[in-house]
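What follows draws every value from the coordinates through simple rules; no lab data is involved. It should be emphasised that the depicted structure is a prediction, and the values quoted were computed from it without experimental measurement. Backbone-built Cβ (ideal geometry, glycine too); neighbour counts: all protein chains shown.
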Amino acid sequence: MENWELPGLFEQPERLNKVYFSNKTLYRELILQLKKDLQSCGINLKILLSRHYSFDDLSLLLHDCFMEIGATAMFNLVYRVDISETQLAKGMNSPGIDPLKVAEMIIKRELQKVVLRNMYSRGNP
């Protein structure tokens with residue numbers, strides 16, 4: 001397995017697609033982790049394992065879901081995936097909450113979890 005660096009919450013999508021989304025194992029684990037956390041918050045979003053989403057595709061899918069389910073469910077997911085209020089505020093480009101930026105941060109946080117799990121399972125923290 002490769003040696004990955006932990007992706008940041010403010011990482012550029014191009015790098016995420018190239019480094020992490022192109023790795024089949026990490027990508028699959030990311031989708032499974034995202035589905036698990038969505039389901040634990042009562043959010044039913046159809047994400048197919050058989051389809052390969054880019055970072056932007058996945059972000060838009062989650063954003064559209066947020067537009068349907070509302071802010072309360074979105075914030076439940078934010079807390080579930082462990083994004084702090086400070087991180088959330090730092091990720092917004094303007095006052096208020098941008099659901100697309102929230103979606104991007106959630107995906108990046110889920111990716112961090114997957115990368116960390118892989119790093120520690122190999123005994124290489």
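At-a-glance table
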item	result
Extension gain from residue 45 to residue 28, taking 0.36 nm per residue of separation minus the Cα-Cα distance	4.5 nm
Residue-averaged [θ]222 nm for the chain, counting only DSSP H segments that reach four residues, each worth -39500 (n - 2.57)	-18500 deg cm²/dmol
Label point distance in nm, residue 54-residue 17, each placed 7 Å from Cα along Cα→Cβ	0.3
In Å, descending, principal axis extents of the Cα set of the stretch 43-103	36, 21, 20
Low-density loop positions, trypsin sites (Lys or Arg not before Pro), the stretch 66-123 - DSSP coil, at most 14 other Cβ in 10 Å	122
Spread of Cα-to-Cα distances over 5 Å intervals beginning at zero, given as percent, for the chain	2, 11, 22, 25, 21, 13, 5, 1, 0
The chain - percent relative contact order, Cα under 8 Å, separation 6 or more	38
